[in-house]
């Protein structure tokens, strides 16, 4: 499934449930932040090593996946509401980062 298919299917779900009235840029940015915080909560108080294996715990993997999906849907819908084609800005950002960071030594810092 590609992003345009996901966007279309999610748009239908939002329309069917009358969620669009709540999908303002402010609300979506807030929801994205909350969803990110819920994702971060899984990593609170654990070591770096524990964080690397967290997704090996089946129920945790499911909950992490749900929060990642929620974050993605909020981001996708926010980009639509702002008239930003997510695929385009992702490609542009990737090209920019490749040009900026390619061949740099590991200890070189770049201001963004």
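The values are calculated or read from the model by the stated rules, or taken from the named source; none is laboratory data. Note that the structure is a prediction, hence the values are computed from the model and not measured. Positions of Cβ are backbone-derived with ideal geometry, glycine not excepted, and every protein chain shown enters the neighbour counts.
Brief remarks follow.
So that you can scan it fast, the table gives a plain yes or no per residue for (1) part of a helix (DSSP H, G or I); (2) without any contact (Cβ under 8 Å) to a residue 12 or more places away in the chain; (3) closer than 29 Å to residue 27 by Cα:
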position: 43; (1), (2), (3): no, yes, yes
position: 60; (1), (2), (3): yes, no, yes
position: 67; (1), (2), (3): yes, no, yes
position: 70; (1), (2), (3): yes, no, yes
position: 74; (1), (2), (3): yes, no, yes
position: 77; (1), (2), (3): yes, no, yes
position: 87; (1), (2), (3): yes, no, yes
position: 93; (1), (2), (3): yes, yes, yes
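- Extreme residue, surrounded by the fewest Cβ atoms within 10 Å (Cβ to Cβ), among residues of the stretch 11-23 that are out of contact with any helix residue (DSSP H, G or I) (no Cβ under 6 Å at 6 or more places or on another chain) and closer than 13 Å to residue 81 by Cβ: 21
- Members of the stretch 37-59 that are surrounded by 11 or more Cβ atoms within 10 Å (Cβ to Cβ) and closer than 26 Å to residue 13 by Cα: 37, 38, 39
Residues checked against (1) part of a helix (DSSP H, G or I); (2) at pLDDT below 95; (3) closer than 26 Å to residue 79 by Cα:
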site: 15; (1), (2), (3): yes, no, yes
site: 18; (1), (2), (3): no, no, yes
site: 21; (1), (2), (3): yes, no, yes
site: 26; (1), (2), (3): yes, no, yes
site: 32; (1), (2), (3): yes, no, yes
site: 35; (1), (2), (3): yes, no, yes
site: 40; (1), (2), (3): yes, no, yes
site: 51; (1), (2), (3): yes, no, no
